[in-house]
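Step one of this worksheet: look at the structure below.
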Amino acid sequence: HFTERVLKSLDEHGIDREELTLHVGAGTFKPVKSEEIEGHEMHTEYISVTKETLLKLIAHQGEAIAVGTTSVRTLESLYYMGLTLIENPDATEEQLHVKQWQPYELTEEQKNTSVADTLQAIVTYLDKHAINTLNSSTQIIIAPGYQYRVVKAIVTNFHQPQSTLLLLVSAFVKGDWRRIYDFALEHQFR
């Protein structure tokens, strides 16, 4: 939906935008078949985020509007990577990997760490290693009960029942997805 014309219009309106990458794995589209979400295993997906993007996020107080659920998972994973670096500045790329349930197992101190501090930890890591792009991986699953850190709004399409993507949307709207989907369908939203 974001054609060159739409992107140009955003630029003309002074809307700051950045691109980032999440190499989507099969787990994103694999339906949740277990009775409880704990029984669903996410596949590892690889992310790539430039230092410039991280600096822009910091300039915006660590807040972003995500376009697409892949952007949501990438942006939210940054918070946990930054937490790892705050606790272990010498962490390896492998140690930055965000485990599926990591966001739900935070200590009180970790919960109170600002997004700006976690993003700055990543920038410091990149500077220390003289690299311009963070390349890492995530298995993050965002489901009801998740506390969003970076993403303040989402632009996304409809998602299939029993998908992890619908769980992500449900977590964002505190379970109120059905009313939102009904409204969108009634008004022929795409």
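The values are calculated or read from the model by the stated rules, or taken from the named source; none is laboratory data. Note that this is a predicted model, so its numbers are computed, not measured. A quick note on method: Cβ atoms are made from the backbone with ideal geometry, for glycine too, and the neighbour counts reach across all protein chains shown. All accessible areas refer to the heavy atoms of the entire protein, side chains included, with ligands and DNA or RNA removed. Shrake-Rupley method; radii C 1.70, N 1.55, O 1.52, S 1.80 Å.
Things to note:
- Pick from the stretch 1-25, criterion open to solvent by 70 Å² or more (accessible area, probe 1.4 Å) and closer than 29 Å to residue 98 by Cβ, ranking: modelled with the lowest pLDDT: 1
- Checklist (1) part of a loop (DSSP other than H, G, I, E, B); (2) open to solvent by 90 Å² or more (accessible area, probe 1.4 Å); (3) on the phi < 0 side of the Ramachandran plot applied to residue 144, failing item: (2)
- Qualifying positions in the stretch 158-190 - in a loop (DSSP other than H, G, I, E, B) and touching a Leu at 6+ places or on another chain (Cβ under 9 Å): 158, 159, 160
- Counting the residues of the stretch 122-159 that are over 17 Å from the mean Cα position of the chain (by Cα) and either modelled with pLDDT of 95 or more or under 16 Å from residue 77 (Cβ atoms) (or both) gives 10.
- Within this structure, residue 116 passes the test of being surrounded by 14 or more Cβ atoms within 10 Å (Cβ to Cβ), within 21 Å of residue 20 (Cα to Cα) and hydrophobic (A, V, I, L, M, F, W, C).
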